[in-house]
Amino acid sequence: QKEVEQDPGPLSVPEGAIVSLNCTYSNSAFQYFMWYRQYSRKGPELLMYTYSSGNKEDGRFTAQVDKSSKYISLFIRDSQPSDSATYLCAMRLLLGRLYFGRGTQLTVWP
Amino acid sequence: KAGVTQTPRYLIKTRGQQVTLSCSPISGHRSVSWYQQTPGQGLQFLFEYFSETQRNKGNFPGRFSGRQFSNSRSEMNVSTLELGDSALYLCASSLRTSGGGWETQYFGPGTRLLVL
(Lines give C-alpha, C1' and ligand atoms only; values in the text may rest on other atoms or scores of the structure.)
Protein backbone atom coordinates (compact mmCIF):
# COMPACT_ATOMS: atom_id res chain seq x y z
CA GLN A 1 0.00 0.00 0.00
CA LYS A 2 1.33 3.40 -0.97
CA GLU A 3 1.63 5.94 1.82
CA VAL A 4 -0.54 8.42 -0.08
CA GLU A 5 -3.41 7.43 -2.37
CA GLN A 6 -4.96 9.76 -4.92
CA ASP A 7 -7.40 8.97 -7.72
CA PRO A 8 -5.67 9.98 -10.97
CA GLY A 9 -8.94 10.80 -12.73
CA PRO A 10 -9.17 12.30 -15.27
CA LEU A 11 -11.79 14.73 -14.02
CA SER A 12 -13.65 16.95 -16.49
CA VAL A 13 -16.04 19.71 -15.36
CA PRO A 14 -17.73 22.76 -16.92
CA GLU A 15 -16.57 26.26 -16.11
CA GLY A 16 -18.09 27.52 -12.87
CA ALA A 17 -18.42 24.08 -11.27
CA ILE A 18 -17.18 23.25 -7.79
CA VAL A 19 -14.33 20.77 -7.94
CA SER A 20 -13.51 18.36 -5.15
CA LEU A 21 -10.14 16.60 -5.07
CA ASN A 22 -9.04 14.28 -2.29
CA CYS A 23 -6.33 12.00 -0.97
CA THR A 24 -6.09 9.38 1.73
CA TYR A 25 -2.98 8.42 3.63
CA SER A 26 -1.79 5.73 5.97
CA ASN A 27 0.87 7.38 8.15
CA SER A 28 -0.76 9.09 11.12
CA ALA A 29 2.51 10.91 11.86
CA PHE A 30 2.14 13.25 8.87
CA GLN A 31 1.94 16.85 10.09
CA TYR A 32 2.04 19.02 6.97
CA PHE A 33 -0.43 18.60 4.13
CA MET A 34 0.03 20.30 0.79
CA TRP A 35 -1.58 20.72 -2.58
CA TYR A 36 0.55 21.36 -5.63
CA ARG A 37 -0.61 22.29 -9.12
CA GLN A 38 1.32 21.19 -12.17
CA TYR A 39 0.70 22.56 -15.63
CA SER A 40 1.83 20.63 -18.67
CA ARG A 41 5.60 20.79 -19.21
CA LYS A 42 6.13 22.60 -15.91
CA GLY A 43 7.24 21.64 -12.43
CA PRO A 44 4.73 21.48 -9.55
CA GLU A 45 3.97 24.75 -7.77
CA LEU A 46 2.65 24.98 -4.24
CA LEU A 47 -1.01 26.04 -3.98
CA MET A 48 -1.65 25.69 -0.27
CA TYR A 49 -0.41 23.95 2.81
CA THR A 50 -2.04 23.11 6.14
CA TYR A 51 -0.42 22.20 9.41
CA SER A 52 -2.24 19.42 11.27
CA SER A 53 -6.05 19.33 11.05
CA GLY A 54 -8.48 21.98 9.96
CA ASN A 55 -9.47 24.13 7.03
CA LYS A 56 -7.63 26.80 5.12
CA GLU A 57 -9.08 29.11 2.51
CA ASP A 58 -7.29 31.12 -0.16
CA GLY A 59 -9.52 32.82 -2.67
CA ARG A 60 -11.41 30.17 -4.63
CA PHE A 61 -9.41 27.35 -3.02
CA THR A 62 -10.19 25.59 0.27
CA ALA A 63 -8.05 22.85 1.78
CA GLN A 64 -9.40 20.52 4.45
CA VAL A 65 -7.56 18.00 6.59
CA ASP A 66 -9.30 15.32 8.66
CA LYS A 67 -6.57 13.51 10.57
CA SER A 68 -9.01 11.17 12.30
CA SER A 69 -10.03 9.78 8.90
CA LYS A 70 -6.59 10.27 7.29
CA TYR A 71 -8.29 12.19 4.51
CA ILE A 72 -7.51 15.52 2.87
CA SER A 73 -9.46 17.53 0.33
CA LEU A 74 -9.07 20.49 -1.97
CA PHE A 75 -12.14 22.37 -3.16
CA ILE A 76 -12.07 24.77 -6.09
CA ARG A 77 -15.04 27.12 -6.36
CA ASP A 78 -16.12 28.81 -9.59
CA SER A 79 -13.60 26.73 -11.56
CA GLN A 80 -11.98 28.36 -14.59
CA PRO A 81 -10.37 26.88 -17.73
CA SER A 82 -7.06 28.20 -16.36
CA ASP A 83 -7.47 25.75 -13.45
CA SER A 84 -6.95 22.87 -15.90
CA ALA A 85 -3.85 21.10 -14.60
CA THR A 86 -2.74 18.11 -12.58
CA TYR A 87 -3.28 18.52 -8.83
CA LEU A 88 -0.93 16.68 -6.50
CA CYS A 89 -1.41 16.17 -2.81
CA ALA A 90 1.72 15.86 -0.69
CA MET A 91 2.46 15.24 2.96
CA ARG A 92 5.35 15.54 5.32
CA LEU A 93 6.37 14.59 8.81
CA LEU A 94 7.56 17.42 11.07
CA LEU A 95 10.88 17.17 9.23
CA GLY A 96 12.06 15.50 6.08
CA ARG A 97 10.94 14.52 2.62
CA LEU A 98 7.61 14.95 0.86
CA TYR A 99 5.31 12.04 0.08
CA PHE A 100 3.18 12.64 -3.02
CA GLY A 101 -0.04 11.23 -4.39
CA ARG A 102 -0.10 10.26 -8.07
CA GLY A 103 -1.95 13.44 -9.02
CA THR A 104 -5.45 14.07 -10.42
CA GLN A 105 -5.71 15.46 -13.94
CA LEU A 106 -8.40 18.17 -14.08
CA THR A 107 -9.91 19.74 -17.19
CA VAL A 108 -12.31 22.69 -16.92
CA TRP A 109 -14.09 23.30 -20.20
CA PRO A 110 -15.66 26.64 -21.19
CA LYS B 1 14.66 36.21 -7.96
CA ALA B 2 15.46 33.44 -10.43
CA GLY B 3 13.72 30.13 -9.91
CA VAL B 4 15.13 26.63 -9.84
CA THR B 5 16.85 25.82 -13.11
CA GLN B 6 17.50 22.38 -14.53
CA THR B 7 19.64 21.37 -17.46
CA PRO B 8 19.25 19.90 -19.91
CA ARG B 9 15.47 20.09 -20.40
CA TYR B 10 15.30 17.10 -22.71
CA LEU B 11 17.58 14.14 -23.16
CA ILE B 12 17.54 10.97 -25.25
CA LYS B 13 19.83 8.11 -24.30
CA THR B 14 20.09 4.42 -25.09
CA ARG B 15 20.05 1.50 -22.69
CA GLY B 16 23.31 0.95 -20.88
CA GLN B 17 24.47 4.55 -21.14
CA GLN B 18 24.82 6.89 -18.21
CA VAL B 19 23.43 10.36 -17.76
CA THR B 20 24.10 13.39 -15.56
CA LEU B 21 21.42 15.95 -14.80
CA SER B 22 22.05 19.33 -13.23
CA CYS B 23 20.04 21.51 -10.85
CA SER B 24 20.73 25.07 -9.71
CA PRO B 25 18.63 26.01 -6.67
CA ILE B 26 17.16 29.39 -5.88
CA SER B 27 19.84 31.72 -4.57
CA GLY B 28 20.24 31.23 -0.81
CA HIS B 29 18.54 27.84 -0.76
CA ARG B 30 20.71 25.14 0.76
CA SER B 31 18.65 22.00 0.28
CA VAL B 32 18.08 20.23 -3.02
CA SER B 33 15.76 17.25 -3.43
CA TRP B 34 15.34 15.07 -6.51
CA TYR B 35 12.18 13.31 -7.65
CA GLN B 36 11.30 10.96 -10.48
CA GLN B 37 7.87 11.47 -12.04
CA THR B 38 6.21 8.82 -14.22
CA PRO B 39 2.55 8.40 -15.23
CA GLY B 40 2.30 5.08 -13.43
CA GLN B 41 4.05 5.88 -10.16
CA GLY B 42 3.66 9.64 -9.85
CA LEU B 43 6.35 11.60 -8.01
CA GLN B 44 8.84 9.40 -6.20
CA PHE B 45 11.51 10.76 -3.92
CA LEU B 46 15.09 9.98 -4.94
CA PHE B 47 17.28 11.84 -2.44
CA GLU B 48 17.90 15.11 -0.64
CA TYR B 49 21.19 16.96 -0.30
CA PHE B 50 22.02 19.62 2.23
CA SER B 51 25.46 21.10 2.94
CA GLU B 52 26.98 18.74 0.38
CA THR B 53 25.72 15.67 2.29
CA GLN B 54 22.95 13.27 1.41
CA ARG B 55 20.33 13.60 4.18
CA ASN B 56 17.52 11.37 2.93
CA LYS B 57 17.29 8.64 0.35
CA GLY B 58 14.33 7.00 -1.37
CA ASN B 59 13.96 3.40 -2.53
CA PHE B 60 15.94 3.51 -5.74
CA PRO B 61 18.80 1.23 -6.80
CA GLY B 62 22.40 2.28 -6.44
CA ARG B 63 22.52 3.20 -10.14
CA PHE B 64 20.96 6.48 -9.04
CA SER B 65 23.39 8.77 -7.28
CA GLY B 66 23.86 12.43 -6.66
CA ARG B 67 26.05 15.07 -5.20
CA GLN B 68 25.92 18.66 -4.09
CA PHE B 69 28.59 21.28 -4.51
CA SER B 70 29.64 24.03 -2.12
CA ASN B 71 27.49 26.55 -4.01
CA SER B 72 24.44 24.27 -3.41
CA ARG B 73 24.18 23.26 -7.06
CA SER B 74 23.40 19.59 -7.40
CA GLU B 75 23.89 16.87 -9.98
CA MET B 76 22.15 13.55 -10.33
CA ASN B 77 23.69 10.60 -12.15
CA VAL B 78 22.04 7.47 -13.48
CA SER B 79 24.36 4.71 -14.66
CA THR B 80 23.52 1.72 -16.86
CA LEU B 81 20.25 3.21 -18.05
CA GLU B 82 17.18 1.00 -18.37
CA LEU B 83 14.02 1.60 -20.40
CA GLY B 84 12.11 2.07 -17.14
CA ASP B 85 14.27 5.07 -16.26
CA SER B 86 12.39 7.13 -18.85
CA ALA B 87 10.74 9.83 -16.77
CA LEU B 88 10.60 13.48 -15.82
CA TYR B 89 13.28 14.20 -13.24
CA LEU B 90 12.43 17.12 -11.00
CA CYS B 91 14.57 18.93 -8.54
CA ALA B 92 13.27 21.13 -5.76
CA SER B 93 15.06 23.56 -3.49
CA SER B 94 14.29 24.96 -0.06
CA LEU B 95 16.02 27.01 2.62
CA ARG B 96 16.29 24.02 5.02
CA THR B 97 16.34 25.88 8.29
CA SER B 98 16.36 23.89 11.52
CA GLY B 99 13.41 23.29 13.84
CA GLY B 100 10.91 21.43 11.70
CA GLY B 101 8.90 24.47 10.74
CA TRP B 102 7.24 25.03 7.41
CA GLU B 103 9.38 25.50 4.31
CA THR B 104 8.15 25.69 0.76
CA GLN B 105 9.87 23.47 -1.76
CA TYR B 106 10.21 25.17 -5.12
CA PHE B 107 10.38 22.91 -8.12
CA GLY B 108 12.27 23.35 -11.35
CA PRO B 109 10.72 22.56 -14.75
CA GLY B 110 12.35 19.14 -14.86
CA THR B 111 14.52 17.19 -17.26
CA ARG B 112 12.60 14.81 -19.49
CA LEU B 113 14.71 11.69 -20.07
CA LEU B 114 13.85 9.17 -22.76
CA VAL B 115 15.75 5.89 -22.78
CA LEU B 116 15.62 3.92 -26.05
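Here are the numbers:
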{"quantity": "Label point distance in nm, B:I12-A:Q31, each placed 7 Å from Cα along Cα→Cβ", "calculated": "4.8 nm"}
{"quantity": "Isotropically averaged projected area of the protein assembly as shown, using the convex hull of Cα atoms (one quarter of hull area), nm²", "calculated": "12.6 nm²"}
{"quantity": "Loop GluC sites (Glu not before Pro), the stretch A:1-90, which have at most 14 other Cβ atoms in a 10 Å radius of their Cβ (DSSP)", "calculated": "A:E3, A:E15"}
{"quantity": "Separation between Cα centres of the stretch A:34-87 and the stretch B:26-40, rounded to whole Å", "calculated": "20 Å"}
{"quantity": "Extent along principal axes [Cα atoms of chain B; Å; largest to smallest]", "calculated": "42, 28, 27"}
{"quantity": "Chain pair B, A: total accessible area buried, heavy atoms, 1.4 Å probe, Å²", "calculated": "1700 Å²"}
{"quantity": "Length gained when the stretch B:F60-B:T80 is fully extended (0.36 nm per residue, less Cα-Cα span)", "calculated": "5.8 nm"}
{"quantity": "Whole-number D in µm² s⁻¹ for the stretch A:1-94, Kirkwood Cα-pair radius fed into Stokes-Einstein, 10 °C, 1.306 mPa s", "calculated": "116 µm²/s"}
{"quantity": "Per residue solvent-accessible surface (Å²) - chain A, probe of 1.4 Å", "calculated": "48 Å²"}
{"quantity": "Size of electric dipole in the protein assembly as shown: Cβ of Lys, Arg +1 and of Asp, Glu -1, about Cα centre, debye, nearest 20", "calculated": "600 debye"}
{"quantity": "Estimated inter-spin distance, B:L95 and B:T53, nm [label 7 Å along Cα→Cβ]", "calculated": "2.2 nm"}
{"quantity": "Nearest-0.05 FRET efficiency for B:W102 and A:S53, computed from C-beta distance (R0 25 Å)", "calculated": "0.95"}
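The values are calculated or read from the model by the stated rules, or taken from the named source; none is laboratory data. Predicted model only: the values in this text are computed from it and were never measured. All Cβ positions, glycine included, derive from the backbone under ideal geometry; neighbour counts span all protein chains shown. Remember, those area values only see protein heavy atoms, side chains included, never the ligands or the DNA or RNA. Shrake-Rupley method; radii C 1.70, N 1.55, O 1.52, S 1.80 Å.
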